[in-house]
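Undergrad: Before I ask anything, let me first share the structure, which is written out below as C-alpha cells.
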Amino acid sequence: MTQPSPTWLNAAAVEDRMKRVDAVAAMRSLFEAHGQGRVTQPPQVITLLPDNRGDFITYSGVLPEDGVFGVKVSPYVVTPSGGKVTATTMLMSLETGRPLLFCDSLALTTERTAATTALAVDLLARADAANLAIIGSGPIALAHLRHVLPLRSWKRIRIHSRNILAKKETLEARLSELRPAPEIVDDCSLAVADADVVLLCTSSGTPVLSMEHIRPGMLVTSISTNVARAHEIPPEALSRMNVYCDDRSTTPLIAGEMVLASENGWSCDDIRGDLGELASGRVRAPSPNRSSFFRSMGLGIEDVKMALEIHRVSSQGS
C-alpha cells in the first residue's frame with residue numbers, strides 16, 4: 001500500500017495555520033499530561049560544529065496518547081556576515097514510523113515559546129496583577145503580549161528594548177487598538193517600575209535586569225537565547241527568588257543563570273516546581289513575599305505538540 005507523502009510547510013504556511021490554533025490551550029493540555037507522566041521528554045542535545053562555526057540543538061519528544069513523536073533541529077551557523085539561526089520540525093507517526101509533516105519552525109517556535117510563558121503567567125502571577133512590562137520588541141515579544149493580554153485585567157503595559165525609539169512609531173501604530181494601549185519607553189528601570197509581571201524576551205547573553213529591578217511579589221519570566229550560558233537576570237538572584245522552570249530534569253542543565261548559579265552554591269533542588277507540576281496541580285503558586293522566576297528553555301514536546309496542531313489544521317484543509 002502506497003503511503004501518502006508527508007506535507008512540507010514553509011514559514012508563511014505555518015504562520016497562516018497557527019492563526020487557527022489555540023496555542024495556550026495546547027500547552028496547557030500538554031503540560032497537564034507532562035505532569036502526570038503521560039509524555040516522554042528526552043534531554044536536549046547540543047552538537048558543536050567544527051572550526052567554531054556554530055552549533056545545532058536537537059529537541060525531541062514523544063506524545064503516546066496522540067500517537068506521534070518528533071524532533072526539531074535548530075542550527076546556529078556562524079557566517080562571515082554574522083550568526084544565523086534556522087530550524088526545521090519533523091512530526092512522525094508512532095503507528096507507522098513514517099513522517100507526517102515537515103515544517104519551518106520559525107512561527108511554530110515563536111508561538112509555542114510565547115504560549116508556554118503565557119501558561120506560566122496564568123499559573124504563577126497574582127490574580128490581581130495589573131502592571132505588565134515586556135523587555136524586547138521583536139516578534140517573540142509581541143507574541144508574548146498577544147498571549148498574555150487576556151490572562152489578567154491589565155491596567156498598564158510598558159514595552160522596552162534597545163533602540164526602541166527607532167521602532168516607536170511603527171509599534172504604536174501596530175498596537176494602537178490594544179487596551180490598555182502599551183507605552184513605549186526608552187528606559188528599562190521605568191519599564192519595570194511597579195511591574196507585577198516582567199516578560200524578558202531578548203536575545204541577550206547577559207543580564208538585562210539588575211538586582212535592583214527585582215522586588216517582592218514580582219514574577220519575572222525568561223526565554224533568553226541559544227548563546228552559551230545566556231542569561232537575562234543575574235545568577236545570584238536565584239537564591240532570593242521562588243524559581244520555576246518548564247522542566248526540572250532538563251532546564252537546570254542548560255539554562256545559563258542556573259548553570260552559573262550552581263557553580264556558586266545554588267542547587268537545582270531549590271526549584272519549587274516545573275510547568276508540568278504546576279499545570280497538574282502538584283505544586284502551588286508562590287507566596288507573594290518573594291519575587292518569582294520562571295525559566296523556559298523550550299522543550300521538544302512543545303515543538304511536537306504544536307506540529308501536531310498544525311498537522312490537524314492542515315488535514316482539515318488550508
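Undergrad: Just to make sure I understand: if all protein chains stay in place, what is the order of Y59, Y244 by accessible area at 1.4 Å, largest first?
TA: Numbers: Y59 25, Y244 0 Å².
From most exposed to least exposed: Y59, Y244.
Undergrad: Per-residue accessible area for C268 at 1.4 Å probe radius, Å² rounded to 10?
TA: So the heavy atoms of C268 present about 60 Å² to solvent.
Undergrad: Using Cα-Cα distances under 8 Å and only pairs 6 or more residues apart, what relative contact order does the stretch 171-284 have, in percent? It would help to have the intermediate numbers written out before the result.
TA: Working: 139 pairs, mean separation 21.9, N = 114.
Value for the stretch 171-284: 19 percent.
Undergrad: W266 accessible area, nearest 10 Å², 1.4 Å probe?
TA: 30 Å²
Undergrad: If the chain between N264 and S153 were fully stretched, how many nm would it gain, using 0.36 nm times the residue separation less the Cα-Cα distance?
TA: Working: separation 111, 0.36 × 111 = 39.96 nm, distance 3.92 nm.
My answer for the length gained is 36.0 nm.
Undergrad: Next question. Given the options V71, V198, V227, state which has the largest fluctuation in a GNM of the chain using a 10 Å cut-off (strictly under) for Cα springs.
TA: Judging by the Gaussian network model, the answer is V227.
Undergrad: Based on the Cβ-Cβ distance from S210 to E65, what FRET efficiency comes out when R0 is 45 Å, to the nearest 0.05? Write out the running numbers ahead of the final one.
TA: Numbers: r = 44 Å, r/R0 = 0.98.
Efficiency at R0 = 45 Å is approximately 0.55.
Undergrad: Using the 2.2 N^0.38 Å rule of thumb for compact globular proteins, work out how the stretch 173-317 stacks up: its C-alpha Rg over that value, please. Please report the intermediate quantities before stating the final value.
TA: On the way: Rg = 17.0 Å, N = 145, 2.2 N^0.38 = 14.6 Å.
For the stretch 173-317, the normalised Cα radius of gyration is 1.17.
Undergrad: Using a 7 Å offset from the Cα along the Cα-to-Cβ direction at both R290 and R20, what is the distance between the two label points in nm, to one decimal?
TA: 4.6 nm
Undergrad: Right, here's the next one. When you have a sec, figure out the Kirkwood radius of the stretch 107-246 from all distinct Cα pair distances and drop it here in Å to one decimal? Each step should come with its number before you reach the end.
TA: Working: mean 1/r = 0.0663 Å⁻¹.
Over the stretch 107-246, the inverse of the mean reciprocal pair distance is 15.1 Å.
Undergrad: Related question: Between D128 and D186, what FRET efficiency comes out of the Förster formula 1/(1 + (r/R0)^6) with R0 = 22 Å and r the beta carbon distance, rounded to 0.05? Let's see the in-between values first.
TA: Numbers: r = 29 Å, r/R0 = 1.30.
Taking R0 as 22 Å, the efficiency between D186 and D128 is 0.15.
Undergrad: Something else now. Given a 10 angstrom Cα cut-off, can you work out which residue in S280, S224, S176 is the most mobile in a GNM of the chain?
TA: Answer for the Gaussian network model of the chain: S176.
Undergrad: Based only on Cα atoms, what mean projected area does the convex hull of the stretch 46-172 have, in nm²?
TA: Numbers: hull surface 45.0 nm².
Answer in nm², one decimal: 11.3.
Undergrad: What are the semi-axes of the equivalent ellipsoid of the stretch 225-293, taken as the square roots of 5 times the eigenvalues of the Cα gyration tensor, listed largest first and rounded to whole Å?
TA: Details: eigenvalues 80, 41, 21 Å².
The equivalent ellipsoid of the stretch 225-293 has semi-axes of 20, 14, 10 Å.
Undergrad: Sorted from largest down, give the three principal axis spans of the alpha carbons of the stretch 62-103, whole angstrom values.
TA: Principal-axis extents of the stretch 62-103 (Cα, largest first): 44, 15, 11 Å.
Undergrad: Name all residues of the stretch 199-213 having a backbone nitrogen under 19 Å from the label point set 7 Å from the Cα of R162 along its Cα→Cβ direction, giving them as ranges.
TA: Label zone hits: 199-211.
Undergrad: For the pair D51 and R179, what calculated FRET efficiency results from E = 1/(1 + (r/R0)^6), where r is the Cβ-Cβ distance and R0 = 35 Å, to the nearest 0.05? Mind dumping the intermediate values first?
TA: Values: r = 52 Å, r/R0 = 1.48.
Efficiency, rounded to the nearest 0.05: 0.10.
Undergrad: Another one. For the chain, what is the calculated [θ] at 222 nm in deg cm²/dmol (nearest 500), taking -39500 (n - 2.57) for each run of four or more DSSP H residues and dividing by its residue count? Write down the numbers at each step before the final one.
TA: Working: 10 runs with 95 residues, N = 318.
Computed mean residue ellipticity for the chain: -8500 deg cm²/dmol.
Undergrad: Ok, one more. Roughly speaking, to the nearest percent, how much of the stretch 1-116's 1.4 Å accessible area is carbon and sulfur?
TA: Values: 3440 of 6200 Å².
Reported share for carbon and sulfur atoms: 56 percent.
The values are calculated or read from the model by the stated rules, or taken from the named source; none is laboratory data. Bear in mind the structure is a predicted one, so any value in this text is a computation, not a measurement. Every residue, glycine among them, receives a Cβ derived from its backbone with ideal geometry; neighbour counts consider all protein chains shown. Keep in mind that these areas ignore ligands, DNA and RNA; they rest on the heavy atoms of the full protein, side chains included. Shrake-Rupley method; radii C 1.70, N 1.55, O 1.52, S 1.80 Å.
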